[in-house]
1. For the chain, what % of the accessible area comes from carbon and sulfur atoms, probe 1.4 Å?
2. Is region 129-208 rounded, prolate or oblate when judged by the Cα gyration tensor, a ≥ b ≥ c being the square roots of its eigenvalues, rounded requiring a/c under 1.5 and prolate requiring a/b larger than b/c?
3. Would you mind calculating the gained length between residue 183 and residue 320 on full extension (0.36 nm times residue separation, minus the Cα-Cα distance), in nm to one decimal?
4. Let me check something: with ligands and nucleic acids excluded, how do 207, 319, 123 order by accessible area (1.4 Å probe), largest to smallest?
5. Which ³J(HN,Hα) values, rounded to whole Hz and listed in residue order, are derived for region 422-427 from phi using the Karplus coefficients 6.51, -1.76 and 1.60 in 6.51 cos²θ - 1.76 cosθ + 1.60 with θ = phi - 60°, glycine and proline given as x?
6. Starting from the Cα-Cα distance between residue 368 and residue 44, subtract it from 0.36 nm times their residue separation and give me the gain in nm to one decimal.
7. Looking at (i) 35, 27, 21; (ii) 31, 26, 21; (iii) 46, 31, 20, which value of semi-axes √(5λ) of the Cα gyration tensor in Å comes from a calculation on the structure shown?
8. What FRET efficiency do you get for residue 256 and residue 354 if R0 is 45 Å and r is their Cβ-Cβ distance, rounded to the nearest 0.05?
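The values are calculated or read from the model by the stated rules, or taken from the named source; none is laboratory data. Everything quoted here is computed from the prediction, not taken from an experiment. Here Cβ is always computed from backbone atoms with ideal geometry, including for glycine, and neighbour counts include all displayed protein chains. The accessibility values were calculated without ligands, DNA or RNA, using every heavy atom of the protein model including side chains. Shrake-Rupley method; radii C 1.70, N 1.55, O 1.52, S 1.80 Å.
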Amino acid sequence: MTVANNSSNVVNGGHSLRRQPSHVDGFGTLAIHVGSEPNSETGAVIPPISLSTTYKQDGVGNHKGFEYSRSDNPNRQALESTLAALEAGGAHAIAFSSGSAATATLIQAVGPNAHVLCVNDVYGGTFRYLKRVAAETQGVKSSFIDFETLDDAAVLAAFQPNTKLVWIESPTNPTLRVVDIPRIVSLARSHPSRPLVVVDNTFLSPYYQSPLLLGADVVTHSLTKYINGHSDVVMGAAILPAEHAPLARTLRFLQNAHGAIPSPYDCWLAQRGAKTLHLRMKAHGVNALRVAQALARSPWVEEVIYPGSASHPRSAVAYRQLAPHAKRFVDAVRDEEDGDGGFPYGGMVSFRIRGGEEEANKFLTATRLFTLAESLGGVESLAELPMQMTHASIPEAERGVLGIGGNLIRLSVGVEEAEDLVRDVEQALEVASGGRVKRVNGGH
């Protein structure tokens with residue numbers, strides 16, 4: 001779907017919200033109204049679910065914008081309008097059947113025998129696709145490097161004449177490394193191969209970070225996570241700025257050809273979830289900061305990794321890359337609280353428990369509110385052991401280099417009451433360390 005981002009005329013209840021050209025509606029206003037205009041035929045305030053697979057034509061090729069639901073669907077189009085408005089700088093949004101489908105289609109678009117330069121601490125599914133699928137079916141070669149700590153010369157040395165794609169996650173999964181996105185974009189632009197820069201923005205969502213404003217060419221999301229936010233939809237998306245209309249057309253062609261489309265109902269659910277994204281992300285961030293602070297106080301924790309913590313070595317970079325609307329929220333939180341200088345920065349917290357895999361497993365089975373499960377970004381809190389779960393596909397030696405060991409635990413901090421989450425983490429740490437408090441995981 002192609003939209004004008006931050007449209008100046010949003011229809012609400014049949015009344016056009018006209019404004020001065022200089023005014024831009026806020027993030028939450030866009031989330032609620034763009035793509036959700038009342039139905040012109042019935043007046044329904046909430047978009048109906050359109051399950052039809054085919055559409056009547058008034059003459060051969062004379063239709064109302066829809067022919068067959070694999071190519072387009074009213075619910076998918078509405079969701080894509082919302083996504084293009086929320087990802088600041090976006091004009092084209094393409095919704096896929098999963099985040100992995102979005103990743104695969106982007107890599108397919110670079111063609112055969114290309115080189116992809118990827119951040120080394122990357123989602124296990126992306127690593128698997130590059131090494132096991134793209135390498136075997138497209139002849140794609142991949143290099144995985146540390147975009148966070150390597151200097152400019154070392155990063156440039158990793159580029160090749162056929163480098164077509166630079167793949168960034170920031171923060172990374174699961175060690176939450178913070179990549180200086182404008183720096184990597186600048187280096188990519190300086191290289192003769194002029195590769196596209198893709199940023200997987202799943203961990204922060206469009207609320208906390210706007211990679212297109214930082215120079216990225218494409219932003220991807222697993223909509224399964226924060227944007228949908230309720231752990232009941234598997235979907236993905238790619239969002240591009242206006243100047244990449246030709247690439248957007250290529251991605252749509254590939255999607256239509258291999259059929260990686262989301263269902264109308266999933267699009268409807270994801271759009272409904274997106275309406276509260278701004279509210280949920282604020283709560284996720286505040287809660288995650290509180291949990292990170294509690295973990296840092298514990299004698300049973302070796303290291304806490306949360307870029308919003310004042311002690312995090314890349315805290316300044318994380319703050320600098322906040323989306324403008326998120327920065328206003330963060331500054332207000334800082335003004336209201338007399339804390340340690342930290343700030344909300346999404347809902348993901350990783351930490352290393354003292355001991356090893358045994359202690360980690362004890363912690364994960366002792367929590368009451370944090371459910372032991374893969375995935376992230378839902379309203380409920382989740383916890384997992386990346387070494388054995390989300391990152392098991394990465395070779396052991398490479399996991400060791402990245403610091404993904406048996407004592408690394410990843411938390412997806414939900415929107416429950418912060419004090420309850422802190423209490424849950426503290427009692428589970430006591431159990432893991434040999435204390436007597438007993439809890440049943442998921443036993444609400």
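1. Numbers: 9530 of 18180 Å².
Carbon and sulfur atoms account for 52 percent of the accessible area of the chain.
2. Working: a/c = 1.73, a/b = 1.17, b/c = 1.48.
Oblate.
3. Values: separation 137, 0.36 × 137 = 49.32 nm, distance 1.25 nm.
Difference between extended and current length: 48.1 nm.
4. On the way: 207 5, 319 60, 123 85 Å².
I get 123, 319, 207, largest accessible area first.
5. Working through the residues one at a time gives 4, 4, 5, 5, 5, 5 Hz.
6. Details: separation 324, 0.36 × 324 = 116.64 nm, distance 4.10 nm.
Difference between extended and current length: 112.5 nm.
7. (i)
8. Details: r = 52 Å, r/R0 = 1.16.
Efficiency for this residue pair is about 0.30.
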